[in-house]
Amino acid sequence: MKRKSLGNKLIACPYIVWSALFIVIPLLIMFYFALTDANGVFTLANLSDIGRYKKAFGISILYAAISTVITLLLAYPMAYFMTKLKVSNQRMLLMIVMIPMWMNFLIRTYSWITILANTGIVNTFLGKLGIGPLKLIYTPAAVILGMVYDFIPYMILPIYSVMSKIDNSLLEASEDLGSNAFNKFKKVIFPLSRPGIISGITMVFVPSVSTFYISQKLGGNKTMLIGDVIEYFFNLGPVYYNVASAISLVLMLLILLCMFVMNRFSDDDDGGVII
């Protein structure tokens, strides 16, 4: 038992070191800068000034919520459809879903400029139909579209993973008890897929609320998210690290609060199946 325990500790060492270097220490540095001034003196002034950026916080949360809802509405039927295919076809669709993730995030986002620009693919096509050009780029809709496109794989994969493990005998039992398609979905499929939904919502909402590159390239100067504010202050130099860290700290606390609320709706342990 001692050898086994020692072996487990040795195996966990790389993860512990990695977590300490790239998670714990950066968080401690952020806390330090957020709670001190430029001279290293403890102060709460950085946090008391957060109210100046409430608009950026509000827009970021709103855009993240909208993009998360749209992503869920698109990803859920896609994941369900994938589970009904042959195994070989499921693997092919999984590959198609994951291929964009292999490309650089900046390239994926930047490509939408050529699609949505006034002389882009969409407006060129509409022009041939006698429509447009429409204002597609540098709009809130373009920012939300970019979020949905970049983060939708993180919604599809966890939902598919959970749905693919649903026992078909439960579906057959619900049919034997007289459930129609809607009741089968409501009382069996949806409750069992809820952990995947919660996981997908978390994996999409968190990066959406803190993103900045998407808003810069697709929203122009008209859309200022909280991630843009943080980047702006960090780019100004060390004098503004304290303000940027304070904003980052508040954003992290808001994200943790949102994750806590979402996890309260997750019934991972009780199954939740009512036939």
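The values are calculated or read from the model by the stated rules, or taken from the named source; none is laboratory data. Everything numeric here is computed off the predicted structure, so don't read it as measured data. Positions of Cβ are backbone-derived with ideal geometry, glycine not excepted, and every protein chain shown enters the neighbour counts.
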Among the residues listed as GLY200, GLY196, GLY220, the single one being modelled with pLDDT under 90 and of a type outside the set (D, E, K, R): GLY220
Test: ASN183 is in contact with a Ser or Thr (Cβ under 8 Å, 6 or more places away or on another chain), under 30 Å from THR83 (Cα atoms) and surrounded by fewer than 17 Cβ atoms within 10 Å (Cβ to Cβ): yes
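Per-residue answers, yes or no, for (1) farther than 17 Å from LEU72 by Cα; (2) in contact with a Phe, Trp or Tyr (Cβ under 8 Å, 6 or more places away or on another chain); (3) not in a helix (DSSP H, G or I):
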site	(1), (2), (3)
TYR154	no, no, no
TYR160	no, no, no
LYS165	yes, no, yes
SER179	yes, no, yes
ASN183	yes, no, no
MET95 in contact with a Phe, Trp or Tyr (Cβ under 8 Å, 6 or more places away or on another chain) and under 22 Å from ASP150 (Cβ atoms): no
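Yes/no matrix, rows are residues, columns are (1) part of a helix (DSSP H, G or I); (2) touching a strand residue (DSSP E or B) at 6+ places or on another chain (Cβ under 6 Å); (3) among the basic types (Lys, Arg):
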| site | (1), (2), (3) |
| --- | --- |
| LYS187 | yes, no, yes |
| MET224 | no, no, no |
| VAL229 | yes, no, no |
| LEU249 | yes, no, no |
| LEU253 | yes, no, no |
| LEU257 | yes, no, no |
| PHE260 | yes, no, no |
Any hit, the stretch 158-180, residues being crowded, with 23+ Cβ neighbours inside 10 Å, in contact with a Leu (Cβ under 9 Å, 6 or more places away or on another chain), modelled with pLDDT of 90 or more and of a type outside the set (Val, Ile, Thr): yes
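Of all residues in the stretch 121-135, which are under 31 Å from the mean Cα position of the chain (by Cα), outside any helix (DSSP H, G or I) and surrounded by 13 or more Cβ atoms within 10 Å (Cβ to Cβ)?
The answer is LEU134, and nothing else.
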Qualifying residue in the stretch 134-151 (condition: within 30 Å of LYS187 (Cα to Cα) and modelled with pLDDT of 90 or more): yes
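What residue, of SER60, SER88, is on the phi < 0 side of the Ramachandran plot and exposed (fewer than 12 other Cβ atoms within 10 Å of the Cβ)? Step through it out loud before you land on a result.
Details: SER60 fails: exposed (fewer than 12 other Cβ atoms within 10 Å of the Cβ).
Sole residue among the options that is on the phi < 0 side of the Ramachandran plot and exposed (fewer than 12 other Cβ atoms within 10 Å of the Cβ): SER88.
Find the residue count for the stretch 208-220, including only residues that are surrounded by fewer than 22 Cβ atoms within 10 Å (Cβ to Cβ) and either touching a helix residue (DSSP H, G or I) at 6+ places or on another chain (Cβ under 6 Å) or touching a residue at least 24 places away in the same chain (Cβ under 8 Å) (or both).
Of the residues in that region, 5 qualify.
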Cβ-Cβ under 9 Å pairs, at least 6 apart or on other chains, the stretch 187-204 side closer than 26 Å to LEU254 by Cα, far side at pLDDT 90 or above and not in a helix (DSSP H, G or I): VAL204/ILE152
Helices (runs of 4 or more DSSP H) wholly inside the stretch 1-92 containing at least 1 residues that are of a type in the set (A, V, I, L, M) and touching a residue at least 40 places away in the same chain (Cβ under 8 Å): 25-34, 45-48, 54-83
Hey, MET82 out of contact with any Pro (no Cβ under 8 Å at 6 or more places or on another chain) and surrounded by 16 or more Cβ atoms within 10 Å (Cβ to Cβ) or not: yes
Qualifying position, being surrounded by 17 or more Cβ atoms within 10 Å (Cβ to Cβ), on the phi < 0 side of the Ramachandran plot, touching a residue at least 40 places away in the same chain (Cβ under 8 Å) and among the aromatic types (Phe, Trp, Tyr), among TYR138, TYR110, TYR154: TYR154
